[in-house]
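J.: So that we are looking at the same thing, I have put the structure below in structure tokens.
The values are calculated or read from the model by the stated rules, or taken from the named source; none is laboratory data. Given the structure is predicted, the values throughout are model-derived calculations rather than measurements. Here the Cβ positions follow ideal geometry from the backbone for every residue, glycine too, while neighbour counts run over all protein chains shown. Heads up: the accessible areas ignore ligands, DNA and RNA and are worked out on the full protein's heavy atoms, side chains in. Shrake-Rupley method; radii C 1.70, N 1.55, O 1.52, S 1.80 Å.
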Amino acid sequence: MLLAAGWKDASYLDAYCNQVKTCTEIALNCVESNSHKRPCIEDIITMLNETEETIDKLYQHLFVVQPPYLCFPFEPDKLIPCPVHLTNNADHGISFRIQTNTPDIFANSLRGIVPARSTQTYILTMQKQQKPPTNLDTIHIESVVAQVAFWDIGCSFTKLEAVHDESKVVKITSLSECASQLASKVLSLNPTYATIDVHPLQPWVLITTCEAPGIEIWNYKTRAKLDLPYMLPPIEDVTVAKFIARKQWFVAGDEDGYIHVYCYRAMQQLTYFQADVHGITDLEVHPTESYVLSASLSEGNVKLWDWEKGWECTRIFKFVDFDPVYGVTFLNIKDTDTFAVHGGGGIIKICSLRSSEFILSEYKDPGFIACFDIFANGDQLYLITVNPDGTVKIWSMHTQNLVETVKDAHFSPVNAICSDSEHAVLVTGSVDGTVCLWNPNTLRPERTFNFGLERVNDVKVCTDSSRSYRVVIAHENGLAMIEMDGNDPVVANTGSSSKVENDLVGSRKRKRPEDDRAEIKNEENDFIHSVTDTGNVAEQMQGNGQTDEEMNSVSSKLLGVYPGKLQLPFKANQLTSCSLKLTNTTDDHVAVRLLTKCPKRYIAKMPLCCIVPPKCIYTLIVTVSDQKKRSQLSSDEFLTLESTICLEQDIVGLQNANLNSEAIEFSNFFKQAKDMAADKVYALKLSVVSNPLKETTSVKQQPEVEVVSNRKFSHVLSLDAHPTEPWILTTNQAGEVAIWDYQVQAIAKSFDFTQRPVYSAKFIAREEWIVAGDGYGMIYVYNYHTKEEVTSIEAHDSDITSLDVHPTDPLVLSSSEDHLIKLWNWRKKNWKCIRTFEGHSDRVKHINFNLMDTNSFATASLDHTIKIWNISSPESKITMSDHPDGLLCVHSYTIDMRQYLIAGSWDGTAQIWDMQTGRLVQTLKGHVRHISCVYHHPELPVVITGSHDGTVRLWNSTTYRLKSIVGINLGVVHALEYIKDLRRIVVGCHQGIAIMGLNYS
């Protein structure tokens, strides 16, 4: 059988023919009349073994197992995953099973099938243990030609004699020793997971389970289940659940035909009603209107429910040839009233909510359709259908023709499919536990993952940015997640079994540092000044496997300094920046100044001065002025970093110096320090590299900071990032409004409609507008494509200080120095003020919608108070008034369903408030001038504050410890914004804007 299965492989055929030939020769020699010419038994065994070794070597080439050893970084009481990459180079499928003398150690199934000419990543997960297992040193991976269905794999190994066995050494190591392979987190789970839905604003997935309470909400970034089930009334036999994010609700259907509506913020049931006499099979929420579609097992009916009419059924769509209806989905393209319905008989129908003849088109498959989805790739829109045998069919929705049929993507029936148009990604899941990621261009399966958690029930794509996303998979025995950053997969696994408590384990595939890192060479036009012995540290560490920071860091006794060579390549008519990271591991404050002999080269006034707090990182941004041609420097040009311990009595004087006197104060301080103890002032000379930057690694690294200086970017007052375009909206003191394209590094649009300062401007992306408020109290609305004015409004009697746009409804809030806040409706009221909020006794400086409760917003005022309001009431519901000084900015954020608020003050402190209790949690101290902007990072546990002292500070949002300081050195900081596409922070300053990554561990 093995010979027949391998017949297509020519090398296999030759090997077996050679084996037959050898056996024939042995047989003929054994019947020689001369007994002396007959082979002895040892010779026969040797000859047969040689032929078997030849076949084994060929098979090892056809079925490749990587890595060479299995590494399980042990942590007590945690599941430990290890990825195993199985490559099948043969023209037939190969069954495999993993054999061990201690099978109870592993959490998942130890078998599978690798399709022909493909690679499958199998996640082998070790159960949680108190101590490292002592009786596990080798794992055997057995493989054989696949001749049977997935569920009969065990039979294939007993029916066939030619089973190949590959041994893998097991290493039980510490977590740090195996950090390049994975990083794990462990949390509890409960099987069985049935369906998934993704929240559009929060990093949450809503999951239905077969155990009480029937619903779970997970934070897929922290990989933590929200601690809410005990508050949630149980739903028995739940079949499907969906978020209604703009109402802070979720809606669920059950097997008895009931629909349940819950407020997930309050965790209370709002209503429930019987939608059908049979079970609910699917629910779908309209992207913009107050509608929910329900499908059921009853006579091919789809019902439309309107929650603004008390969940009244406003229409029933009858499909006479459907019994039952299995699924329904809105297409979510330009026409949001179009939806697709999947019923029996292998038919998908495209329908309209508004038309009396609601069926627009249909797609017929002669077989049964197990599941479907709509897949957008560029301008092309496809319908993807899957048959029970695993066959995937791709239909063009433009021509309504079958484009392609793909077989053998899975060996077993496919019952889950999901696509994401933003990333052009298509994912399918099968009852054999495998998940396929498809190539969006070829529409062919490209990567296969197997978590060993049995049947895949549902898959969903969670968007992080335009370059990264996560795939969440609901399995029969647990929950799994694949992280995709560009094209690099990172696997996070939640192993679970009915016999054990289920845990969540993250497994990250990381690129290994290159063994050889090429030095930047001196060329004819380059200038590299080697100035001290510390400049050679990086060369001495080459090839030792260190990270780039480890290889290129130097020490100044008190500080770790990275990099040892400053990369400031010449770019004609462009600014060039370099981050200089100073790490203070001591328990003392360290005073620092950075000097140069050519101060005119740099945009900031030199020397750069700062104080690095204990156990903290301070990043200095060094920016070279834009020049038309390369300047010729003297051969002894370099930057000198001076540092010394700064005592408490000196800190106050240095920090209170204004920007103009700072250099003088630091100069006097360092002079006195040298006079008192010259050996305690440390000087480090840093090399400067001005040749065009050369890559020193195989992966192109994004610059840590990019500085943009332009007349329109001086005296920046506000920033806003477009949600889909590579644009940053900026305003300034001169009344100029501009859109900066950070991909092409140029101004895309500019608007000149006022001579007064514009303190705030926002994108309204769904309308293709910008809205801006100026110092005259005017609101201007412009189309950002045509640059035509939509409207202008006399909104306030004084300066407009802040604007905010409602995340889903057609509403804009404005605040002003006239002490008022106003709410504007652009759709139903044509930019009329529908409510005025009064209550502050001084200027209202900032306003912020609550993204979790979008009917709520917060305001910060110079009357020393924060007020929380509801858009339906003109009076505030909560006032927080413990601050000793005026408040300038406010930002609300959520950590695992708990709401917090951060406010920045005139006195240089920021306060953290618990919005549920109304209590002050923490006061952040460190800035020496007033805080102008605050922000909570959406992906990291980081609170960010920007100040008129010219720095940005990063604080741990759990411990509230200061982790890092960034000296932008572009003057006072006015604004902060997060660029989701780049995962970077943009900072608006007096002399320009800076786009930067975060130095945060």
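J.: Has the stretch 330-341 got any residue that is open to solvent by 10 Å² or more (accessible area, probe 1.4 Å), under 17 Å from Ser296 (Cα atoms) and assigned to a strand (DSSP E or B)?
T.: Scanning the stretch 330-341 turns up no residue that is open to solvent by 10 Å² or more (accessible area, probe 1.4 Å), under 17 Å from Ser296 (Cα atoms) and assigned to a strand (DSSP E or B).
J.: For the stretch 966-1001, which positions are hydrophobic (A, V, I, L, M, F, W, C) and more than 24 Å from the chain's Cα centre (by Cα)?
T.: Ile968, Leu970, Val972, Val973, Cys989, Ile993
J.: Those residues that are open to solvent by less than 50 Å² (accessible area, probe 1.4 Å) and assigned to a loop (DSSP other than H, G, I, E, B), I need them from the stretch 656-687; list them, please.
T.: Ala657, Ser661, Val681
J.: What about Asp420, is it open to solvent by 20 Å² or more (accessible area, probe 1.4 Å) and modelled with pLDDT under 85?
T.: Working: open to solvent by 20 Å² or more (accessible area, probe 1.4 Å): yes; modelled with pLDDT under 85: yes.
Here the answer is yes, as Asp420 does meet what is asked.
J.: Among the residues of the stretch 773-792, what is the count of those that are closer than 29 Å to Glu289 by Cβ and open to solvent by less than 20 Å² (accessible area, probe 1.4 Å)?
T.: Adding up the residues that qualify gives 3.
J.: Going by what's in this entry, would Thr894 be described as open to solvent by less than 50 Å² (accessible area, probe 1.4 Å), outside any loop (DSSP other than H, G, I, E, B), over 26 Å from Ile993 (Cβ atoms) and free of Cβ contacts under 8 Å to residues at least 24 places away in the same chain?
T.: It is false that Thr894 is open to solvent by less than 50 Å² (accessible area, probe 1.4 Å), outside any loop (DSSP other than H, G, I, E, B), over 26 Å from Ile993 (Cβ atoms) and free of Cβ contacts under 8 Å to residues at least 24 places away in the same chain.
J.: Applying the selection to the stretch 911-929, what residues are part of a loop (DSSP other than H, G, I, E, B) and open to solvent by 40 Å² or more (accessible area, probe 1.4 Å)? Break it down into steps so the answer makes sense when it comes.
T.: From the stretch 911-929, those part of a loop (DSSP other than H, G, I, E, B) are 915-918, 925-929; that's our starting set.
Those that are part of a loop (DSSP other than H, G, I, E, B) and open to solvent by 40 Å² or more (accessible area, probe 1.4 Å): Gln916, Thr917, Lys925, Val928, Arg929.
J.: I've got another one for you. Can you tell me which condition Arg835 does not meet? The list is (1) open to solvent by less than 50 Å² (accessible area, probe 1.4 Å); (2) touching a strand residue (DSSP E or B) at 6+ places or on another chain (Cβ under 6 Å); (3) farther than 19 Å from Gly886 by Cβ; (4) not aromatic (Phe, Trp, Tyr), and all the others hold.
T.: (1)
J.: Which numbered condition trips up Lys393, out of (1) within 20 Å of Pro83 (Cα to Cα); (2) free of Cβ contacts under 8 Å to residues at least 40 places away in the same chain?
T.: Lys393 satisfies all of (1) within 20 Å of Pro83 (Cα to Cα); (2) free of Cβ contacts under 8 Å to residues at least 40 places away in the same chain except (1).
J.: Given the condition farther than 20 Å from Ile821 by Cβ, part of a loop (DSSP other than H, G, I, E, B) and under 38 Å from the mean Cα position of the chain (by Cα), answer yes or no: does some residue in the stretch 761-771 qualify?
T.: yes
J.: Identify all residues within the stretch 352-366 that are among the aromatic types (Phe, Trp, Tyr) and within 22 Å of Asn401 (Cβ to Cβ); write none if there are none.
T.: Listed by number, the list holds a single entry, Tyr363.
J.: Another question about this same structure. From Gly904, Gly908, grab the single residue that is surrounded by 19 or more Cβ atoms within 10 Å (Cβ to Cβ) and assigned to a loop (DSSP other than H, G, I, E, B).
T.: None of the other options fit; the residue is Gly908.
J.: So which residues in the stretch 965-974 are buried (at least 20 other Cβ atoms within 10 Å of the Cβ) and in contact with a strand residue (DSSP E or B) (Cβ under 6 Å, 6 or more places away or on another chain)?
T.: At the first step, the residues of the stretch 965-974 found to be buried (at least 20 other Cβ atoms within 10 Å of the Cβ) are 965-970, 972-974.
Within the stretch 965-974, Ile965, Val966, Gly967, Ile968, Asn969, Leu970, Val973, His974 meet the criteria.
J.: Considering (1) within 19 Å of Ser932 (Cα to Cα); (2) outside any loop (DSSP other than H, G, I, E, B), say which one Ile868 fails and leave the rest.
T.: Here Ile868 meets the rest and fails (1).
J.: Identify all residues within the stretch 953-1001 that are charged (D, E, K, R), under 21 Å from Asp741 (Cβ atoms) and either at pLDDT 90 or above or not in a loop (DSSP other than H, G, I, E, B) (or both); write none if there are none.
T.: Glu977, Arg984
J.: Residue by residue through the stretch 190-201, note down the ones that are at pLDDT below 85 and surrounded by 22 or more Cβ atoms within 10 Å (Cβ to Cβ).
T.: Across the stretch 190-201, the qualifying residue is only Tyr193.
J.: Report whether or not Thr391 is buried (at least 16 other Cβ atoms within 10 Å of the Cβ), at pLDDT below 85 and touching a Lys or Arg at 6+ places or on another chain (Cβ under 6 Å).
T.: Against the criterion (buried (at least 16 other Cβ atoms within 10 Å of the Cβ), at pLDDT below 85 and touching a Lys or Arg at 6+ places or on another chain (Cβ under 6 Å)), Thr391 qualifies.
J.: Still on this structure, please answer the following. Quick one: is His846 outside any loop (DSSP other than H, G, I, E, B) and open to solvent by 50 Å² or more (accessible area, probe 1.4 Å)?
T.: yes
J.: A follow-up question, please. Being within 21 Å of Gln202 (Cα to Cα), modelled with pLDDT of 90 or more and open to solvent by 10 Å² or more (accessible area, probe 1.4 Å) is the filter here; which residues of the stretch 258-289 pass it?
T.: Scanning the stretch 258-289 gives Glu284, Val285.
J.: I want to confirm something. Restricting to the stretch 724-759 and keeping residues that are small (Gly, Ala, Ser) and open to solvent by 10 Å² or more (accessible area, probe 1.4 Å), which single residue is modelled with the lowest pLDDT?
T.: Among them, the one singled out is Ala746.
J.: Take the stretch 394-417 and flag every residue that is within 22 Å of Val198 (Cα to Cα) and surrounded by fewer than 21 Cβ atoms within 10 Å (Cβ to Cβ). Spell out the reasoning first.
T.: Initially, the stretch 394-417 is screened for residues within 22 Å of Val198 (Cα to Cα), giving 414-417.
Asn415 - this is the single residue of the stretch 394-417 that is within 22 Å of Val198 (Cα to Cα) and surrounded by fewer than 21 Cβ atoms within 10 Å (Cβ to Cβ).
J.: From the list Lys822, Lys829, exactly one residue is part of a loop (DSSP other than H, G, I, E, B) and open to solvent by 30 Å² or more (accessible area, probe 1.4 Å). Which is it?
T.: Of Lys822, Lys829, the one residue that is part of a loop (DSSP other than H, G, I, E, B) and open to solvent by 30 Å² or more (accessible area, probe 1.4 Å) is Lys829.
J.: Can I ask one more? Being assigned to a strand (DSSP E or B) and within 25 Å of Leu719 (Cα to Cα) is the filter here, so list the residues in the stretch 871-891 that pass it. So that I can check it myself, show each step before the final result.
T.: Our first condition is that a residue be assigned to a strand (DSSP E or B); within the stretch 871-891, this holds for 878-880, 887-891.
Residues satisfying the conditions are Leu887, Leu888, Cys889, Val890, His891.
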